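Enquirer: Below is a structure I'd like to ask you about.
The values are calculated or read from the model by the stated rules, or taken from the named source; none is laboratory data. Remember, it's a predicted structure, so these values are computed and weren't measured experimentally. Here the Cβ positions follow ideal geometry from the backbone for every residue, glycine too, while neighbour counts run over all protein chains shown.
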Amino acid sequence: MIKKTLLAVVAMLSVVSLSAQKYEPTPEILKAREEFSDARFGIFIHWGIYSMFAQGEWYLQNAGINRDEYAKAADAFYPHRFNAEEWVSAIKAAGAKYICITTRHHDSFSMWDTEQSEFNIVDATPFGRDILKELADECAKQGIKLHLYYSHADWSRDDYPRGRTAYWVTGRDESKISWESYYNFMNKQIEELLTNYGPIGAMWFDGWWDHDEDKTPFDWQLDEQYALVHKLQPSCLVANNHHQAPFEGEDIQIFERDLPGENTHGLSGQSISRLPLETCQTMNGMWGYKVVDQNYKSTETLIRYLVSAAGKGANLLLNVGPQPNGELPAVAVERLREMGEWLAKYGETIYGTDAGDVKPQHWGCTTRKGNKLYLHIFELEDEALFLPLSCKVVSAKAFDTGAAVKFQKVDGGIVLKTGKVEGVVDYVVELTTK
Ligand code: FHN
């Protein structure tokens with residue numbers, strides 16, 4: 001009896017020490033993290049059969065309908081205007097450096113030719129094309145990185161252990177719930193994604209929160225899954241949108257609809273780690289295509305959001321929800337083009353920068369690259385600006401015209417004689433420092 005208890009304790013301790021094992025990122029991962037941070041701007045794509053209902057990607061759960069009735073949309077999904085070349089060109093023109101696409105969202109529909117389920121774009125639709133393959137090939141051709149969104153939560157499969165969402169979705173056979181089967185299914189899908197689609201920049205998981213209110217903690221067996229990702233592609237970063245501070249084994253910290261340190265949407269506000277940071281944000285109000293949502297943010301707002309993310313040392317992953325016909329909405333394409341025009345001029349002050357020496361202020365924010373400190377002034381009522389700085393400022397000039405900007409050294413920093421700033425998207429002043 002004593003022997004048995006001792007063995008159980010030893011077994012328990014080894015489980016604890018295994019799961020508590022510290023993740024040591026490899027040199028490949030460290031390099032990939034750096035490249036990721038340097039990119040500063042990516043485009044998120046939420047696309048699936050939910051676009052057919054045109055009510056956003058949560059339609060199945062929000063309507064609380066029968067999963068088999070919902071699945072019939074697949075048989076009519078024929079996005080004949082999908083053109084990977086057009087998508088990638090529009091995204092590149094925006095100045096974005098990577099694309100993150102939903103390979104399988106919570107509704108369970110897979111957007112690639114998976115062997116693990118018939119409910120996928122090749123087998124279940126008359127379209128029959130592997131859009132992920134087309135996109136991956138085009139990304140490789142145009143030299144832009146591809147990241148893959150993958151949902152942990154699932155609202156259609158019988159074997160998925162029910163979480164706190166999709167309670168009202170009917171048609172699922174509760175007697176078939178099996179974590180083992182579901183976990184195996186996910187890992188086989190991940191293996192396909194990381195084997196058949198070329199180099200993948202990051203796996204972007206989402207849905208952990210479906211079990212965040214369980215009485216007994218739900219074990220997603222993430223350690224093993226993250227190890228699988230790194231084994232299949234040693235440079236592939238792991239991100240998980242669990243709305244918590246990062247877990248062991250993750251390479252990116254995600255914030256949703258809020259910049260790091262802010263929490264206006266109730267999904268962020270978690271402590272900020274030293275990992276590369278990324279904020280995902282919608283261009284209108286929803287992730288998946290929603291016909292009534294034409295409330296697109298202005299180009300000025302989007303540019304300032306990108307700049308503000310950079311000012312906090314974070315990337316912006318800006319979402320576009322393609323239409324059911326496969327096109328990106330025209331307004332979204334226009335916003336992308338205008339952001340690209342701005343970045344073509346001011347990209348130097350965004351890409352490859354770190355958060356600047358002065359933390360975000362009511363007037364704007366700062367970014368830094370080497371000995372250049374960039375002030376991004378959105379609006380300033382006063383004629384001059386006090387900057388608390390510990391470094392020495394050698395010169396100051398307007399970034400776009402090169403005209404010198406006068407400044408005066410004072411206790412604890414400098415006073416920059418900018419004049420009032422109004423009616424511009426972002427007045428950038430470049431300081432050379434020592
Ligand atoms: O439920 C999803 C939602 O549909 C969307 O994919 C966003 C993107 O960050 N993440 C989840 C909510 O946290």
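Enquirer: Based on this model, can you work out whether Ile99 counts as within 16 Å of the ligand (Cβ to nearest atom), among the aliphatic types (A, V, I, L, M), surrounded by 21 or more Cβ atoms within 10 Å (Cβ to Cβ) and within 21 Å of the chain's Cα centre (by Cα)?
Expert: Against the criterion (within 16 Å of the ligand (Cβ to nearest atom), among the aliphatic types (A, V, I, L, M), surrounded by 21 or more Cβ atoms within 10 Å (Cβ to Cβ) and within 21 Å of the chain's Cα centre (by Cα)), Ile99 qualifies.
Enquirer: Residue by residue through segment 375-400, note down the ones that are exposed (fewer than 10 other Cβ atoms within 10 Å of the Cβ) and within 16 Å of Thr432 (Cβ to Cβ).
Expert: Within segment 375-400, Ser390 is the sole residue that qualifies.
Enquirer: What single numbered condition from (1) touching a residue at least 40 places away in the same chain (Cβ under 8 Å); (2) in a loop (DSSP other than H, G, I, E, B) fails to hold for Ala332?
Expert: Result: Ala332 passes all but (2).
Enquirer: In this structure, does Thr103 turn out to be in contact (Cβ under 8 Å) with a residue 24 or more places away in the chain and over 30 Å from Ile350 (Cα atoms)?
Expert: Details: in contact (Cβ under 8 Å) with a residue 24 or more places away in the chain: yes; over 30 Å from Ile350 (Cα atoms): no.
Answer is no for this residue.
Enquirer: For Asp130, are the conditions met, namely being of a type in the set (Asp, Glu), touching a Phe, Trp or Tyr at 6+ places or on another chain (Cβ under 6 Å) and more than 16 Å from the ligand (Cβ to nearest atom)?
Expert: For Asp130, the condition - of a type in the set (Asp, Glu), touching a Phe, Trp or Tyr at 6+ places or on another chain (Cβ under 6 Å) and more than 16 Å from the ligand (Cβ to nearest atom) - is met.
Enquirer: Just wondering, is there one or more residues in segment 292-305 that are within 16 Å of the ligand (Cβ to nearest atom), closer than 28 Å to Leu237 by Cα and surrounded by fewer than 23 Cβ atoms within 10 Å (Cβ to Cβ)?
Expert: yes
Enquirer: In addition: Picking from Gly340, Gly313, which residue would you name as being closer than 17 Å to Gly95 by Cβ and not aliphatic (A, V, I, L, M)?
Expert: Gly340
Enquirer: Shifting gears a bit: How many residues, within segment 154-170, are crowded, with 22+ Cβ neighbours inside 10 Å and either in contact with a strand residue (DSSP E or B) (Cβ under 9 Å, 6 or more places away or on another chain) or under 13 Å from Phe185 (Cα atoms) (or both)?
Expert: Count: 2.
Enquirer: Moving on. Scan segment 175-186 and tell me whether some residue there is in a strand (DSSP E or B), modelled with pLDDT of 95 or more and more than 24 Å from Pro234 (Cα to Cα).
Expert: no
Enquirer: Give the residues of segment 50-76 that are within 14 Å of the ligand (Cβ to nearest atom), closer than 12 Å to Asp107 by Cα and not charged (D, E, K, R), sorted by residue number.
Expert: Selection gives Tyr50, Ser51, Gly56, Trp58, Tyr59, Leu60, Gln61, Asn62.
Enquirer: Counting only residues that are charged (D, E, K, R) and over 18 Å from Glu24 (Cα atoms), which one in segment 215-249 is surrounded by the fewest Cβ atoms within 10 Å (Cβ to Cβ)?
Expert: Lys215
Enquirer: Also, I was wondering about something else. Take Ala63 and decide whether it is touching a residue at least 60 places away in the same chain (Cβ under 8 Å) and within 28 Å of Gln294 (Cα to Cα).
Expert: Values: touching a residue at least 60 places away in the same chain (Cβ under 8 Å): no; within 28 Å of Gln294 (Cα to Cα): yes.
Here the answer is no, as Ala63 does not meet what is asked.
Enquirer: I need a count of the residues in segment 271-291 that are hydroxyl-bearing (Ser, Thr, Tyr) and away from the ligand (no atom under 16 Å from the Cβ).
Expert: Qualifying residue count for the region: 2.
Enquirer: If a residue must be surrounded by fewer than 19 Cβ atoms within 10 Å (Cβ to Cβ), within 15 Å of the ligand (Cβ to nearest atom) and not charged (D, E, K, R), how many such residues does segment 250-267 contain?
Expert: So the answer is 5.
Enquirer: All but one of (1) in contact (Cβ under 8 Å) with a residue 24 or more places away in the chain; (2) in contact with a His (Cβ under 6 Å, 6 or more places away or on another chain) hold for Asn241, so report the exception by its number.
Expert: Unmet condition: (2).
Enquirer: Looking only at segment 149-174, filter to residues that are within 13 Å of the ligand (Cβ to nearest atom) and assigned to a strand (DSSP E or B); which one of those is farthest from the chain's Cα centre (by Cα)? Spell out the reasoning first.
Expert: Our first condition is that a residue be within 13 Å of the ligand (Cβ to nearest atom); within segment 149-174, this holds for 149-155, 163-166.
Checking the rest, the ones that are also assigned to a strand (DSSP E or B) come to 149-151.
On the way: Tyr149: 8, Tyr150: 11, Ser151: 13 Å.
Here the answer is Ser151.
Enquirer: Please verify whether Asp107 is out of contact with any strand residue (DSSP E or B) (no Cβ under 6 Å at 6 or more places or on another chain) and within 21 Å of Val238 (Cα to Cα), treating the condition exactly as stated. Break it down into steps so the answer makes sense when it comes.
Expert: Values: out of contact with any strand residue (DSSP E or B) (no Cβ under 6 Å at 6 or more places or on another chain): yes; within 21 Å of Val238 (Cα to Cα): no.
Here the answer is no, as Asp107 does not meet what is asked.
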